[in-house]
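These notes concern the structure reproduced below.
The values are calculated or read from the model by the stated rules, or taken from the named source; none is laboratory data. These figures come from a predicted structure and were not determined experimentally. All Cβ positions, even for glycine, are placed from backbone atoms using ideal geometry, and neighbour counts span all protein chains on display. Each accessible area value is taken on the protein alone, full model and side chains, heavy atoms only, with ligands, DNA and RNA left out. Shrake-Rupley method; radii C 1.70, N 1.55, O 1.52, S 1.80 Å.
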Amino acid sequence: MATVISDPSATANSYASLAFIKSQWDLNPNIEYSALTDEQIGNLGIFSTMSIDNEYSNDYLGALYDIDYSLFWPRTGAVDRRGVAITDYTIFPLDLQKAVAAQAWYLNSVDFVATENASGQISGVQSKSMDGLGSKSYFGTSEQKKALYKSKICSDARKYLDSLVSGSSSPYISIMQRG
């Protein structure tokens, strides 16, 4: 069983604890997660953290707090939406935790490559007979292309991360600037 380590330390593997992810999901009446085990939710939190770091690690505000830490937060020289320095190194920024919870639900509810239809068949999979050697299953070209263009980070997580990433700005600010 994967243990979620969500305190800013050298061994952290998630920006949000299992309890925090569940508390965020509980706020949304459209999220039903009773069929998921704590281990599954924990794994979603860990994988969400990895996904977010893979996408944004080069763009996070500030600098690494400690080069020996396993994640890219905590950081020094970063400020929140109000311009207040994020200097509490005992917890991760709230927006970062919320982004992980949003991304975890997204990863749970979206299948990037194939989906199972009502008959139990996986859509997009094609088979080819190999002259007595059996058959080979593969995804059709259109399904592969769709998977490549799907966003890896959901829009809700992106909104939360907006204040923690350099060069990003709210769409409302962009509208005002074009004015």
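Between residues in the stretch 92-105 that are touching a residue at least 24 places away in the same chain (Cβ under 8 Å) and under 12 Å from residue 154 (Cα atoms) and residues that are in a loop (DSSP other than H, G, I, E, B) and among the aliphatic types (A, V, I, L, M), which pairs lie under 7 Å by C-beta distance while being six or more apart or on different chains?
So the pair list comes out as 100/16; 101/16; 103/153; 105/31.
Go through the stretch 40-84 residue by residue and tally those that are modelled with pLDDT of 90 or more, touching a helix residue (DSSP H, G or I) at 6+ places or on another chain (Cβ under 7 Å), assigned to a loop (DSSP other than H, G, I, E, B) and within 21 Å of residue 17 (Cβ to Cβ).
Total satisfying the criteria: 3.
What tally of residues in the stretch 156-179 results from selecting those that are surrounded by 10 or more Cβ atoms within 10 Å (Cβ to Cβ) and at pLDDT 60 or above?
Qualifying residue count, the stretch 156-179: 11.
One residue is enough: does the stretch 51-66 have a residue meeting the conditions over 15 Å from residue 160 (Cα atoms) and within 12 Å of the chain's Cα centre (by Cα)?
Taking every residue of the stretch 51-66 in turn, at least one turns out to be over 15 Å from residue 160 (Cα atoms) and within 12 Å of the chain's Cα centre (by Cα).
Which members of the stretch 24-39 meet the condition of being outside any loop (DSSP other than H, G, I, E, B) and without any contact (Cβ under 8 Å) to a residue 12 or more places away in the chain?
To start, the set of residues in the stretch 24-39 that are outside any loop (DSSP other than H, G, I, E, B) comprises 24-26, 38-39.
The answer is 26, and nothing else.
Please find, within the stretch 17-45, the residue that is most open to solvent (accessible area, probe 1.4 Å) out of those that are under 19 Å from residue 93 (Cβ atoms) and of a type in the set (Gly, Ala, Ser).
Ranking the candidates gives 19 first.
Examine the stretch 108-129 for a residue that is modelled with pLDDT under 90, under 21 Å from the mean Cα position of the chain (by Cα), among the hydroxyl-bearing types (Ser, Thr, Tyr) and part of a loop (DSSP other than H, G, I, E, B), and state whether such a residue exists.
First, the residues of the stretch 108-129 that are modelled with pLDDT under 90: 109-129.
Going one step further and asking which of them are under 21 Å from the mean Cα position of the chain (by Cα), we end up with 109-115.
Those left that are additionally among the hydroxyl-bearing types (Ser, Thr, Tyr): 109, 115.
Still in the list and also part of a loop (DSSP other than H, G, I, E, B): 115.
Yes, the stretch 108-129 contains at least one residue that is modelled with pLDDT under 90, under 21 Å from the mean Cα position of the chain (by Cα), among the hydroxyl-bearing types (Ser, Thr, Tyr) and part of a loop (DSSP other than H, G, I, E, B).
Can you tell me which residue among 14, 48 is hydroxyl-bearing (Ser, Thr, Tyr), more than 16 Å from residue 156 (Cα to Cα) and open to solvent by less than 30 Å² (accessible area, probe 1.4 Å)?
Values: 48 fails: more than 16 Å from residue 156 (Cα to Cα).
Exactly one of 14, 48 is hydroxyl-bearing (Ser, Thr, Tyr), more than 16 Å from residue 156 (Cα to Cα) and open to solvent by less than 30 Å² (accessible area, probe 1.4 Å), namely 14.
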